[in-house]
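What follows is a short report on a single structure.
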Amino acid sequence: MTDKEQYEALSYKRKNVYETLTEDERSQMNALCGDYRDFLNRAKTERECVELSVKLAEEAGFRPLEEAAELKAGDKVYILNRGKNIMLAVIGTEDIENGINLCGAHIDSPRLDLKQNPIYESCGMALLKTHYYGGIKKYQWTAIPLALHGVVFTRGGERITLNIGEGEDDPVFTITDLLPHLAKDQMSKRMTDGVEAESLNVLFAGEPLNADVSDKVKFAVLKLLNERYGLKEIDFQNAEIEIVPAFKAKNVGIDESFIGAYGQDDRVCAYTTLRGILDAEQPKKTAAALLVDKEEIGSCGNTGMLSAFFAMTMAEIIEKIKGSCSVTAYNRVIRNSACLSSDVSAAVDPNYESAFERNNSTFAGCGMCVMKYTGARGKSGSSDAGAEFMYEVEKIMDDNGVVWQSGELGKVDQGGGGTIAQYVANLNMEVVDCGVPVLSMHAPFEVTAKTDVYMAYRAYKAFYKDR
Ligand code: MN
Ligand code: MN
């Protein structure tokens, strides 16, 4: 062996997925990514993600958990939580007390929510007040086409589902920005202050009603909303309405090697996790997929990872398999379980390389990312996976031809972030973050490499099969 060969044999080098792909794998990847783009276009909110997941699950033979009196190996079930959170499971052949294999992703994404009293008139226009959700750079949300998705109840109790701005002939909405000619004051501000939260008001209407009232455009809008949907202004007090980018998912690059779309954090992991369980063959250990809400605001609330929903569902599954679920049996199941926290990482951005430390960051196109820890500063707010579990996961990836890379969010002390991993770890099971590197994370148009999407799908599937 030459020194060069020996060095290559001993040292670690990141691989580009394309170096390893067969023609067959390439066509599987393109088919998966086509389905994924379709999923992104049809599911831009957590509610829409849950609805579409149910549809796909039922097509794959999954049934509601409440309809099953008992559960046995091979049974496929799903359970919903308030329309915004779903768990799916395929019952394994082994005793469930040996633990389950869980993949957990989040289906909420940064966006603008309408405030509870949103409609007002100014300068002859009707506008909507918003309150941003999750970590956004506010300036990115101005001067782009926006769509309106949500749910509202009329005083009569009718549930109205709104989805405006997605159809080819639908109108869209937008948040106006100041012309550069007059932006001297704005442009000299810090970027965090250049666009203020209270300036993120959505342009909603402009035609006044010729009537003897002060707000003629607002009056026209209220009449229109009443005629079209039976709504009164007070009904917005109960509404959950989300403003999201109106554009569709697209292939990016002359070679179409990337996907650009809104909401890929974390629908890229949610979709690949979902496909992983829908395509799972009879597993030894019970396989479960959990799609949670509210990750972007701290995993709180009754549909977030901190909700008791997961524990309650596990107890019900155990009871339907074993006839009863003692606290001890539940504890044994959880202690022996393991989770891939399916969430995205930041891909090194060639325009902002100085924010990253190259040895320990992830690169778009170099495979699924395994993050031992996230957090900020001295790993604060992180679940730091143990060496034993890291090895177990890496071995499964290697054995199944999954191209993977490790990484952390960026340079130490440059910022940071968290995932659901720490809350899963608190239940007392093994967990590590595994997902897809993303460029322009949290922007209205996020970018992933198709090869990484494909490897994430293969990783989740391999985890269900082999652990
Ligand atoms: Mn995320
Ligand atoms: Mn995020």
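The values are calculated or read from the model by the stated rules, or taken from the named source; none is laboratory data. Since this is a predicted model, take the numbers as computed values, not measurements. In this analysis, Cβ positions are derived from the backbone assuming ideal geometry, glycine residues included, and neighbour counts consider all displayed protein chains.
Scanning segment 403-430 for residues that are part of a loop (DSSP other than H, G, I, E, B) and either of a type in the set (S, T, N, Q) or surrounded by fewer than 20 Cβ atoms within 10 Å (Cβ to Cβ) (or both) returns Lys411, Val412, Asp413, Gln414, Gly415, Thr419, Leu427, Asn428, Met429. Taking helices (runs of 4 or more DSSP H) as the structural unit, those lying wholly within segment 1-102 and holding at least 3 residues that are crowded, with 19+ Cβ neighbours inside 10 Å correspond to 23-42, 46-59. Put simply, of Val370, Val436, Val393 the only residue that is away from ligand 2 (no atom under 16 Å from the Cβ), among the hydrophobic types (A, V, I, L, M, F, W, C) and closer than 30 Å to Lys248 by Cα is Val370.
Listed conditions (1) surrounded by 15 or more Cβ atoms within 10 Å (Cβ to Cβ); (2) on the phi < 0 side of the Ramachandran plot; (3) not polar (S, T, N, Q) are all met by Gly375, apart from (2). Taking the conditions (1) part of a loop (DSSP other than H, G, I, E, B); (2) more than 16 Å from ligand 1 (Cβ to nearest atom) in turn, Leu114 satisfies each one other than (1). Number of residues in segment 131-163 that are β-branched (Val, Ile, Thr) and either in contact with a Phe, Trp or Tyr (Cβ under 9 Å, 6 or more places away or on another chain) or within 16 Å of ligand 1 (Cβ to nearest atom) (or both): the value is 5. Of everything in segment 316-347 that is part of a helix (DSSP H, G or I) and touching a Cys at 6+ places or on another chain (Cβ under 6 Å), the residue that is farthest from ligand 2 (Cβ to nearest atom) is Glu319. A single entry from Ala443, Ala456 fulfils the requirement of being part of a helix (DSSP H, G or I), of a type in the set (A, V, I, L, M), within 16 Å of ligand 1 (Cβ to nearest atom) and under 29 Å from Ala246 (Cα atoms): Ala456. Just one of the listed residues (Val252, Val268) is within 16 Å of ligand 2 (Cβ to nearest atom) and surrounded by 14 or more Cβ atoms within 10 Å (Cβ to Cβ), and it is Val268.
Does segment 287-297 contain at least one residue that is over 25 Å from Asp452 (Cα atoms) and within 13 Å of ligand 1 (Cβ to nearest atom)? Yes; the residues of segment 287-297 include at least one that is over 25 Å from Asp452 (Cα atoms) and within 13 Å of ligand 1 (Cβ to nearest atom).
From the list Arg190, Arg159, the one residue that fits, being closer than 30 Å to Asp343 by Cβ, free of Cβ contacts under 8 Å to residues at least 24 places away in the same chain and among the basic types (Lys, Arg), is Arg190.
Gly304 - would you say it is away from ligand 1 (no atom under 16 Å from the Cβ), surrounded by 22 or more Cβ atoms within 10 Å (Cβ to Cβ) and either in contact (Cβ under 8 Å) with a residue 12 or more places away in the chain or farther than 21 Å from Glu430 by Cα (or both)?
no
In the set (1) over 30 Å from Cys366 (Cβ atoms); (2) touching a Lys or Arg at 6+ places or on another chain (Cβ under 9 Å); (3) within 16 Å of ligand 2 (Cβ to nearest atom), Ile297 fails one condition alone, (2). Segment 212-315 holds strands (runs of 3 or more DSSP E) entirely within its bounds, and those carrying 1 or more residues that are of a type in the set (Asp, Glu) and modelled with pLDDT of 95 or more map to 240-245. Under the condition of being part of a helix (DSSP H, G or I) and closer than 20 Å to Gln140 by Cβ, the residues counted in segment 163-184 number 1. Scanning segment 431-467 for residues that are among the β-branched types (Val, Ile, Thr) and more than 16 Å from Asp265 (Cα to Cα), we see that the one that is surrounded by the most Cβ atoms within 10 Å (Cβ to Cβ) is Thr451.
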